[in-house]
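Taking it in order: structure first as structure tokens, then the write-up.
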Amino acid sequence: MAERSYFDWNATVPLRPEAAAAWQAALAVPGNPSSVHAEGRAARQLVEEAREQVAVLVGARPADVIFTSSGTEANMLALTPAIETAAEKRPRDKLLISAIEHASVRAGGRFPREAIADIGVDAMGRVDLNALAESLAGTARPLVSIMLANNETGVVQPVAEAAAIVHAAGGFLHVDAVQAPGRIAIDIGALGADLVTLSAHKIGGPKGVGALIRAREDIHFPEPLIRGGGQERGLRAGTENVAGIAAFGAAAAAARRHGPAEAARMRGLRDSLEAGLKGAVPAAVIFGATAERLPNTTLFAAPGMKAETAVIAFDLEGIAVSSGAACSSGKVQPSHVLAAMGVSPALTRGAARVSLGWTTAETDVARFLNAWRKLATALSKGHAGLAA
Ligand code: PLP
């Protein structure tokens, strides 16, 4: 393949070398982590080392990390009426989710439809804390789910403030933090989250591995999603994906080590990309521009631009960008995030997402801006890839 520039890091990121090495090494270990012999103990050791690495990444205790098959499964495990603590065994009566959550949260987990309600966001894509407080007023034992950073806009949510409001109302807070590690600091205690979701493939681990992390050991799920052999403290049965988990752990350690420096570099590149975007098309809109955002994400649109055709035009120039959230069918759905922010349907149809990562270089940004200038010329003439 000719040289390409990958700008779709919020969809997935390349395997970190540390994760690839850990994966290879783990594949050579034949044991089942539940077996007591030496081979089994070796596999168990890999899983427990990874548990420690993932725990350290978010400031949790290793015993509170539950490995799952994905971020999606972790969200599904978390969003259930049947969450117990020693002090509270009655089921949750309501699920409140922000209007900008990922589809795996929007689906509502194991709550009945009628028990699920939305919390709106402001024009910058930040959860409306007044709306949260109002929605909580009508509940007895709510579960609230608010993401740490939005996958489309990159807007960082006021999670710590939300946690204080949720806890004052006797609720639990689940935080989908899938997009955060390596990009912004994440500490489960500082966030005030009761449950946190992570996904390996967004931080340089393999696809198909995730984790749900509890803030405290006494948060319990009496109805696990998968029953069987009692793995993961009975919360998620099934022989562990040892190699995937080991690679997840290595990616978590690498994200912790390199994240701050990488994030600072990404921010510089992203800011110059945005300056170039606006320089070529002053009418271009960067969504959530004045809010705190992930340092790697730009969601933008220009009047008259059509996202599907822009994505193809960029692709032909060797550049991978996304038209909002990636979806498995390849069909482009209008963004529910932009709709919740009150963006007009016409502008929403033109929204394209550029997301950067640790291998992004100045040459990639230059290639992107070259292609953008070409598209902008076409746009100014009202034809080619950008016109509706
Ligand atoms: N949550 C967010 C915010 C995401 O961006 C994604 C992936 O796109 C997920 C959850 C789902 O994670 P996974 O792909 O591991 O199922």
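The values are calculated or read from the model by the stated rules, or taken from the named source; none is laboratory data. These numbers come from a predicted model, not from an experiment. Cβ coordinates were reconstructed from backbone atoms using ideal geometry, including for glycine residues, and neighbour counts include every protein chain displayed. SASA here: full protein model, heavy atoms, side chains in, ligands and nucleic acids out. Shrake-Rupley method; radii C 1.70, N 1.55, O 1.52, S 1.80 Å.
For the chain, adding -39500 (n - 2.57) for each run of n ≥ 4 DSSP H residues and dividing by the number of residues yields -11500 deg cm²/dmol at 222 nm. Normalised per residue, the accessible area of the stretch 162-202 is 24 Å², obtained with a 1.4 Å probe and no contribution from ligands, DNA or RNA.
Accessible surface calculations at 1.4 Å, restricted to protein heavy atoms, place the stretch 1-55 at 55 Å² per residue.
Over the stretch 181-270, the fraction of Cα-Cα pairs per 10 Å bin, rounded to whole percents and listed from the shortest bin up, is 15, 38, 35, 10, 3.
When ranked by the protection proxy of mean other Cβ atoms within 10 Å per residue, highest first, what sequence do the peptides 30-42, 203-215, 83-95 form? Don't skip to the end; give the middle numbers.
On the way: 30-42: 13.7, 203-215: 24.9, 83-95: 15.2.
Per-residue mean Cβ counts within 10 Å order the peptides as 203-215, 83-95, 30-42.
Over all pairs of different C-alpha atoms, the stretch 258-381 has a mean inverse distance whose reciprocal, the Kirkwood radius, equals 14.8 Å.
Over every pair of different alpha-carbon atoms in the stretch 211-310, take the mean of 1/r and invert it; report that Kirkwood radius in Å.
Working: mean 1/r = 0.0555 Å⁻¹.
Computed over Cα pairs of the stretch 211-310, the Kirkwood hydrodynamic radius comes out at 18.0 Å.
Taking all protein chains as they are arranged and a probe of 1.4 Å, the heavy atoms of residue 104 leave approximately 20 Å² accessible to solvent. A straight line joining the Cα centroids of the stretch 137-172 and the stretch 175-213 runs 16 Å.
Surface composition of the stretch 251-348: carbon and sulfur atoms hold 60% of the protein heavy-atom accessible area at a 1.4 Å probe. Could you check how many percent of all C-alpha pairs in the chain are farther apart than 35 Å? Roughly 28 percent, once rounded to a whole number. Using bins of 10 Å that start at zero, the share of Cα-Cα pairs per bin across the stretch 75-182 amounts to 15, 51, 30, 4, in whole %.
How much of the DSSP bridge set in the chain is antiparallel, in percent, rounded to the nearest 5? Walk me through the numbers on the way to the answer.
Values: 20 of 37 bridges.
About 55 percent, rounded to the nearest 5.
Protection proxy ranking, highest mean first, for peptides 51-62, 278-289, 217-228: 51-62, 278-289, 217-228, where packing is the per-residue count of other beta-carbon atoms within 10 Å, averaged. Excluding ligands, DNA and RNA, the accessible surface per residue across the stretch 206-338 is 41 Å² with a 1.4 Å probe.
Placing pseudo-labels 7 Å out from each Cα toward the beta carbon at residue 24 and residue 223 gives an inter-label distance of 4.6 nm. Ordered by 1.4 Å accessible area with all protein chains kept, 147, 76 run largest first as 76, 147. Distance between the pseudo-spin-label points of residue 123 and residue 344 (7 Å out from Cα toward the beta carbon): 1.3 nm. Modelled spin labels at residue 35 and residue 3, positioned 7 Å past Cα toward Cβ, are 4.9 nm from each other.
Apply the membrane-span-like helix rule to the chain: whole DSSP H runs, Cα extent along the own long axis of at least 30 Å, mean Kyte-Doolittle hydropathy at least -1.0. List the helices found. Show your work: numbers first, answer last.
Details: long enough: 38-58 (31 Å, -0.07); 242-280 (49 Å, 0.13).
Qualifying helices, which must be both long enough and hydrophobic enough, are 38-58, 242-280.
Within the same chain, lysines fewer than 8 places from residue 207 are excluded, and of the rest, those with a Cα less than 27 Å from its Cα are 331.
What part of the accessible area of the stretch 187-226, given as a whole %, is carbon or sulfur when the probe is 1.4 angstrom? About 52 percent, which is the carbon plus sulfur part of the accessible surface. Look at the alpha carbon pairs under 8 Å that are at least 6 residues apart: their mean separation over the length of the stretch 177-264 gives a relative contact order of 34 percent.
Shown are 256, 267, whose ranking by accessible area with a 1.4 Å probe and every protein chain present, most to least, is 256, 267. Each residue was assigned an accessible area with a 1.4 Å probe, and for residue 362 the value is about 140 Å².
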